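Since the structure comes first, as structure tokens, the remarks are kept for the end.
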Amino acid sequence: MAFTYADVAWLAEDDELGDLWCLTFVRGVSEVEALLRLGADQESIRPLTYDELIDDGLFPETVLAGRVGDWTVLIEESGWTCTETDKAQELSAGTVVVAVLRHDYGSDDFVYAVDGELVTYFNPKIPEWRHGSDPDRLNDLVREAGLDPEDGPGTGAKAPSSASGALLLAARLTGVVLTRGIVKEPLMSGVIG
């Protein structure tokens, strides 16, 4: 399926999750395993809805985890643990991790890690400043997502926000788009220490 900006706009443009969140996609790892890799206390793992997370003020310490196809999606409200180098490496051991951080009053991030190695990571607002073991590996996809790896984000009326471009890039890499239904259903959760 060819995803478009319309598929991710509800998250990036509609402020559904607010102005600071991180979505991380981990291939072939269960929700519980992903939470444990992130450092969750085993006894804290339980079902929880996004609304309960917000209403009870459990963020940013509590991370939600849901399964979409072969991927586990981690949702951090007001957090960015999954984009930290050591956590991205731990999460990606033996698999692939794609993380998108929206941080309206800080630095956005995009992380692509494979088997414990940070392949490429960058701020979607400045995609020409890429880092990692193979920072140019995703350049064609980065360009298709409207984040020009040589000249920065696109411009003009149809240009995406950096968050939209990063989410579109993640969707095209994983084949997963987070929907309102997934966010609102009960998910696994864990307190990250």
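When the stretch 90-101 is filtered for residues that are open to solvent by less than 20 Å² (accessible area, probe 1.4 Å) and either hydrophobic (A, V, I, L, M, F, W, C) or under 15 Å from the mean Cα position of the chain (by Cα) (or both), the ones remaining, listed by number, are Leu91, Ser92, Val96, Val97, Val98, Ala99, Val100, Leu101. Among residues that are modelled with pLDDT of 95 or more, in contact with a strand residue (DSSP E or B) (Cβ under 9 Å, 6 or more places away or on another chain) and farther than 27 Å from Thr49 by Cα, Pro149 is not included. Is it the case that some residue within the stretch 103-118 is buried (at least 23 other Cβ atoms within 10 Å of the Cβ), under 15 Å from the mean Cα position of the chain (by Cα) and of a type in the set (A, V, I, L, M)? Checked the stretch 103-118: at least one residue is buried (at least 23 other Cβ atoms within 10 Å of the Cβ), under 15 Å from the mean Cα position of the chain (by Cα) and of a type in the set (A, V, I, L, M).
Identify, please: which residue in the stretch 61-83 is more than 12 Å from the chain's Cα centre (by Cα), on the phi < 0 side of the Ramachandran plot and not in a strand (DSSP E or B) and is, among those, surrounded by the fewest Cβ atoms within 10 Å (Cβ to Cβ)? Applying the filter and picking the extreme gives Asp70. Taken as a whole, the structure places Phe122 among residues that are buried (at least 23 other Cβ atoms within 10 Å of the Cβ), in contact with a helix residue (DSSP H, G or I) (Cβ under 9 Å, 6 or more places away or on another chain), more than 30 Å from Pro47 (Cβ to Cβ) and in contact (Cβ under 8 Å) with a residue 12 or more places away in the chain. Of the residues in the stretch 137-146, at least one is outside any loop (DSSP other than H, G, I, E, B) and surrounded by 23 or more Cβ atoms within 10 Å (Cβ to Cβ). Residues in the stretch 20-48 that are in a strand (DSSP E or B) and charged (D, E, K, R): Arg27, Arg46.
Being assigned to a loop (DSSP other than H, G, I, E, B), closer than 20 Å to Ser162 by Cβ, hydroxyl-bearing (Ser, Thr, Tyr) and out of contact with any Pro (no Cβ under 8 Å at 6 or more places or on another chain): is that true of Tyr112 here? When the stated conditions are applied, Tyr112 does not pass them. For Gly28, are the conditions met, namely being open to solvent by less than 30 Å² (accessible area, probe 1.4 Å), touching a residue at least 60 places away in the same chain (Cβ under 8 Å) and within 17 Å of the chain's Cα centre (by Cα)? The answer is no for Gly28.
All of (1) within 21 Å of Glu77 (Cα to Cα); (2) modelled with pLDDT of 90 or more; (3) not in a loop (DSSP other than H, G, I, E, B) hold for Pro124 with one exception: (3).
The values are calculated or read from the model by the stated rules, or taken from the named source; none is laboratory data. Remember, predicted model here, so these are calculated numbers, not experimental data. Heads up, the Cβs are rebuilt from the backbone with ideal geometry, glycines too, and the neighbour counts pull from every protein chain shown. Heavy atoms of the whole protein, side chains included, go into the accessibility calculation; ligands, DNA and RNA do not. Shrake-Rupley method; radii C 1.70, N 1.55, O 1.52, S 1.80 Å.
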